[in-house]
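What follows is a short report on a single structure.
Read the figures in this text as sums done on the coordinates, not as results from a lab. Values in this document were obtained by computation on a predicted structure and should not be read as measured data. Please note: Cβ atoms are built from the backbone with ideal geometry, for glycine as well, and neighbour counts cover all protein chains shown.
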Amino acid sequence: MGLLDQARRFLGLGRAQQLEPGDVPRSVAIILDGNGRWAKARRLPVEAGHREGTRALRRTVEAAIDLGIESLTVYAFSTENWLRPPPEVDSLMEIFHETIDRELPDLAAQGVRTRFIGRRDRAPESLQKRMAALELETAGRAWRAYEESMPSPCLRADSGRYLMRHNPPAYFTHLRPTCAASDLPMGTPARGALRHALRQNTLPAYSIVTPDACHDMHDCPKPVGDEWFKSWLPLILASTSYRNGELVVFLTFDEGRGGFEGESCHLHPSDPSCHVATIVISPYVEPGTVSRTSFTHYSLLRTTENLLGLPLLGRAQNAVGMRRAFGL
């Protein structure tokens, strides 16, 4: 029985009777149950029942949209479910992965906002990232990456001074459906995607700007990188979002001086190569502010998630945030 038929039955209406606006509740909560029994009755593995459950959930969401229900809460996985056989739990995690990947673009396009409530710390980190991406996309808080010297959107290969390994979105498979529209060639201060977004006030909620292998100071002298950033800074400071106090810029590096490849700064924070320069630029930062607090890249992740109102991922949960130190 579909959600529409269940609503009519609950209200005592026949199939031919129309639902009036006042008959429809604003909020509905559903407990997902019976996937295993469904599969057993058809002599199918329990995984088939869980996959059928995702299809039933999709029909339920569509019916809720048609009925005009404002909020639909779905209880999908309880703490007791962790006690199920490990192969079944692993299968459920995989199905959650697949469902988010499949539904993300369509949910965002339909204006359906998705939020995950409850504990998520025991879920695989890759699934936590997918959940955060779905929340970000469906909340209207779009992201965009601006990659200098990348010849085409979301390029998954090196090209000249563009290095794929410096382009995070290219590695996340769950971003593939939206990558070409959101992972863009950066352009120059004279023309291109970033200049347009700054001048037209169309920056998304979160942007990552990556200089090429020269301007990131790997292959070229530091003064060259400094001049490159100086060429962009007037455009950033003149943008409407910055002047309105809606934009904060974090200028940081991926490593310090010395050390060795693959070093874990989380485990060896005192190593000189783990001393990374970071500059915070915002109308709310007092000029000359310097913090003596020890921050990490997880601190930057935590601060970003706090500013966007997103749940904390992985080690960001235990990192020291930067908002208080810089008045953000």
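Based only on Cα atoms, what Rg/Rh ratio does the chain have, Rh being taken as Kirkwood's radius?
1.03
Excluding M322 itself, calculate the net charge of residues whose Cβ lies under 12 Å from the Cβ of M322, where each Lys or Arg counts +1 and each Asp or Glu counts -1.
Residues near M322 contribute +2 overall.
Pick out, in residue order, every one of the GluC sites (Glu not before Pro) in region 220-292 that is DSSP loop and has at most 16 other C-beta atoms within 10 Å; say none if there are none.
E246, E255, E261, E263
Relative to a virtual label point 7 Å from the Cα of R156 in the Cα→beta-carbon direction, which members of region 162-189 show backbone nitrogen distances below 18 Å?
What the label zone holds, given the 18 Å backbone N cut-off, is 163-185.
So what J values fall out for region 209-223 if you push phi through Karplus, 6.51 cos²θ - 1.76 cosθ + 1.60 with θ = phi - 60°, rounded to Hz, Gly and Pro as x?
Computed from phi, the couplings for region 209-223 are 10, 10, x, 7, 5, 8, 6, 7, 6, 6, 9, 10, x, 4, x Hz.
Find the relative contact order for the chain and round it to a whole percent, using C-alpha pairs within less than 8 Å whose residues are 6+ positions apart.
10
Which of P85, P124, P283 ends up with the largest GNM mean-square fluctuation for the chain, with Cα atoms connected below 10 Å?
Maximum among the listed residues: P85.
Test of understanding: what is the full-extension gain from T278 to I95, defined as 0.36 nm times their sequence separation minus their Cα-Cα distance?
Roughly 61.9 nm would be gained on extension.
Mind listing the long-range amide H neighbours of I208? Cut-off is under 5 Å, sequence gap 5 or more, other chains count too, H placed in the peptide plane at 1.01 Å from N.
R144, A145, Y146
With an 8 Å cut-off on Cα pairs and a minimum separation of 6 or more residues, tell me the relative contact order of region 278-328 in percent.
Over region 278-328, the number comes to 48 percent.
Which whole-Hz ³J(HN,Hα) couplings does region 283-299 yield from phi under the Karplus relation 6.51 cos²θ - 1.76 cosθ + 1.60, θ = phi - 60°, glycine and proline marked x?
Calculated HN-Hα couplings, in order: x, 8, 7, 5, x, x, 5, 10, 9, 9, 6, 7, 10, 10, 5, 5, 5 Hz.
Give the Rg/Rh ratio for region 143-326, taking Rg as the radius of gyration of the Cα atoms and Rh as the Kirkwood radius, to two decimals.
Rounded to two decimals, Rg over Rh is 0.94.
Mind giving me the FRET efficiency for A238 and I117? R0 is 35 Å, r the Cβ-Cβ distance, nearest 0.05 is fine.
0.30
Could you pull out every residue, at least 5 positions away or on a different chain, whose amide H is within less than 5 Å of the one on I30? Hs are placed 1.01 Å off N in the peptide plane, and Pro or chain starts have none.
When sequence neighbours closer than 5 places are left aside, the close amide H contacts are T73, V74, Y75.
Provide the descending list of Cα extents for region 74-206 along its principal axes, expressed in whole angstroms.
Dimensions of region 74-206 along the principal axes of its Cα atoms: 58, 31, 22 Å.
Could you pull out every one of the lysines with an alpha carbon less than 19 Å from that of K222, ignoring same-chain neighbours closer than 8 positions?
Straight-line reach from K222, under 19 Å: K230.
Normalised radius of gyration for region 145-254, please: alpha carbon Rg relative to 2.2 N^0.38 Å, two decimal places.
Dividing the Cα Rg of region 145-254 by 2.2 N^0.38 Å gives 1.05.
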